[in-house]
Amino acid sequence: MLDIITKSIKNPKKAWRFFSLFLVNFFRKKKGILLFIGMEPGGVFSLMHRGYEKCYGLEAYPERFEKLQKKYRNNPRIHLFNAAAAGYDGEITFNISSNNDGASSSIGSFKKEWGQEYKGEKIEMIRSITVLCINLYNFCKKHHIDFIDEYVSDIQGMDLEVLKTLKPMIDKKQIGRITCEVTKNEKGNVYNDLPDNSENGFSKLLNDNYKFIAKGWGVLKDNTFDKIPEDAWEMDCRWILKD
């Protein structure tokens, strides 16, 4: 939690959201299952996990996974897997990015038009590795997960494609809350060799059973739609199960 608040100290509103999320999950009675796809050692998962009876987390980048495993090794409620989420079970090529401990690493490669920088240098893929990959629906069946209270993904252009693998659970209303990194409709996917990750695509998948309740970056506030800069490609969005 300290890492996140330190990064956000120049933005009190954002810092308060981080702290509020931590407090809510720290003091509430533990309940249900959190499924978190695409983790970072000092990320949002560290604010949320205390509120759940069981937490399942996937992280494909081995160096990040080692840090997570070390951090949570003594917590029996947290089950971590060094794997990418994909459409099938097996192995897949995973590209490591040059920014911030590989923060933009992905199954895909960057679209030329994206052109983002980190510390004054263009973000690029610097190497590729082979990692295990998991179909989430098969994963849930294997681990006897028949209801996901909170689903969170930040998987660099694959959020919609991976969420589609859980369509049987979506159709049966077996996921309570869904938060994903989403691409603006007019921008297209940040990664040129990955499928649709647009807000329209999520709406088509979710609108029958879910209500769109939040938009922004990082920690979202329910029923709040933050302004996203025009030049931004991506944002975080949240849906909840309709009554």
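Every read-out reported here was derived from the displayed coordinates using simple, explicitly stated rules and does not represent laboratory data. These numbers come from a predicted model, not from an experiment. Glycine also receives a Cβ, built like all others from the backbone with ideal geometry; neighbour counts cover every protein chain displayed.
For Lys29, which aspartates and glutamates qualify as cross-link partners when the Cα separation must be under 19 Å and same-chain residues fewer than eight apart are set aside?
In chain and number order, the partners are Glu53, Asp149, Glu150.
Using Cα pairs closer than 8 Å and at least 6 residues apart in sequence, work out the relative contact order for the chain, in percent.
Working: 486 pairs, mean separation 38.6, N = 243.
The normalised contact order for the chain reaches 16 percent.
What is the spin-label model distance, in nm, from Ala232 to Lys204 if the labels are put 7 Å beyond Cα along the C-beta direction?
So the label points at Ala232 and Lys204 sit 2.4 nm apart.
Each residue of the stretch 34-49 in order: what ³J(HN,Hα) in whole Hz does its phi give by Karplus 6.51 cos²θ - 1.76 cosθ + 1.60, θ = phi - 60°, with x for Gly and Pro?
In residue order, the calculated couplings are 10, 10, 10, 10, x, 10, 9, x, x, x, 4, 3, 5, 8, 9, 4 Hz.
Given only helices, namely DSSP H runs of n ≥ 4 each adding -39500 (n - 2.57), what is the per-residue ellipticity at 222 nm of the chain, to the nearest 500 deg cm²/dmol? Before the final figure, lay out each step's value.
Details: 8 runs with 63 residues, N = 243.
That calculation yields -7000 deg cm²/dmol at 222 nm.
For the stretch 1-115, I need the span (max minus min coordinate) of the C-alpha atoms along each principal axis, in Å, sorted largest to smallest.
42, 35, 23
For the pairs Lys67/Lys204; Lys30/Lys173; Lys122/Lys187; Lys71/Lys173; Lys54/Lys211; Lys31/Lys211, note any where the Cα-Cα span goes beyond 27 Å. Provide the component values of the computation, followed by the final result.
Numbers: Lys67/Lys204 36 Å; Lys30/Lys173 21 Å; Lys122/Lys187 19 Å; Lys71/Lys173 33 Å; Lys54/Lys211 25 Å; Lys31/Lys211 22 Å.
Those over the limit are Lys67/Lys204; Lys71/Lys173.
Helix check for the chain. Which DSSP H runs span at least 20 Å along their own axis by Cα, with a mean Kyte-Doolittle hydropathy no less than 0.0? Intermediate values should be presented prior to the final figure.
Working: long enough: 12-27 (22 Å, 0.53).
Length and hydropathy pass: 12-27.
In debye to the nearest 20, how big a dipole does the chain give about its Cα centre with +1 on each Lys and Arg Cβ and -1 on each Asp and Glu Cβ? The partial results should precede the final answer.
On the way: 38 positive and 33 negative charges, 233 e Å.
I would put it at about 1120 debye.
Can you give the direction-averaged projected area of the convex hull of the alpha-carbon atoms in the stretch 69-183, in nm²?
Its Cα hull, projected and averaged over all orientations, spans 8.6 nm².
Of Gly218, His79, Ile123, which is farthest along the charge dipole of the chain in the positive direction, counting Lys and Arg as +1 and Asp and Glu as -1 at C-beta?
It is His79.
Which value, in debye to the nearest 20, describes the size of the charge dipole of the stretch 134-228 about its Cα centre when Lys and Arg Cβ atoms bear +1, Asp and Glu Cβ atoms bear -1, and nothing else is charged? All intermediate terms of the calculation are to be shown ahead of the outcome.
Working: 14 positive and 15 negative charges, 46 e Å.
For the stretch 134-228, the charge dipole is close to 220 debye.
Name the shape class, rounded, prolate or oblate, that the alpha-carbon gyration tensor gives for the stretch 120-224, where a ≥ b ≥ c are the square roots of its eigenvalues, rounded holds for a/c under 1.5, and otherwise prolate holds if a/b is larger than b/c and oblate otherwise. Before the final figure, lay out each step's value.
Numbers: a/c = 1.87, a/b = 1.24, b/c = 1.52.
Here the stretch 120-224 falls in the oblate category.
For the stretch 1-159, what proportion of DSSP beta bridges, expressed in % and rounded to the nearest 5, is antiparallel?
40 percent
Once the Cα gyration tensor of the stretch 184-234 is diagonalised, what are the square roots of 5 times its eigenvalues, in whole Å and ordered largest first, as equivalent ellipsoid semi-axes?
Square roots of five times the eigenvalues give 20, 17, 8 Å.
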